[in-house]
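Asks: What follows is a structure written as structure tokens; I'll ask about it next.
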Amino acid sequence: MTKTMTFAMLHFTVAFSVAYVITGSWVVGGAVALVEPAINTVAYHFHELGWKRLERRAVH
């Protein structure tokens, strides 16, 4: 769980930093840092489902 939490903090920091550098806004940086990782987590879930489906097809 520690590894997951440290990665989440890294992801938050990168998302905030990129948005802040591009926009110069602390508010936009914070919003992106909160929203982007959440959306990315959902996208990753569906990405994994797709890969599992492909792997099942390859076995049969």
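Asks: Leaving ligands, DNA and RNA out of it, report the carbon-plus-sulfur percent of the accessible area of the chain at a 1.4 Å probe.
Replies: Carbon and sulfur atoms account for 73 percent of the accessible area of the chain.
Asks: Considering only protein heavy atoms, what per residue accessible area in square angstrom results for the chain with a 1.4 angstrom probe?
Replies: Ligands and nucleic acids excluded, the result is 86 Å² per residue.
Asks: While we're looking at this one, here's another question. Which Cα, out of PHE12, ILE39, ILE22, lies furthest along the positive dipole direction of the chain (beta carbon charges, K/R +1, D/E -1)?
Replies: Working it through, the farthest residue towards the positive pole turns out to be ILE39.
Asks: Dividing the alpha-carbon Rg of the chain by 2.2 N^0.38 Å yields what?
Replies: 1.51
The values are calculated or read from the model by the stated rules, or taken from the named source; none is laboratory data. Keep in mind that what you see is a predicted model, and the values were worked out from it rather than measured. All Cβ positions, even for glycine, are placed from backbone atoms using ideal geometry, and neighbour counts span all protein chains on display. All accessible areas refer to the heavy atoms of the entire protein, side chains included, with ligands and DNA or RNA removed. Shrake-Rupley method; radii C 1.70, N 1.55, O 1.52, S 1.80 Å.
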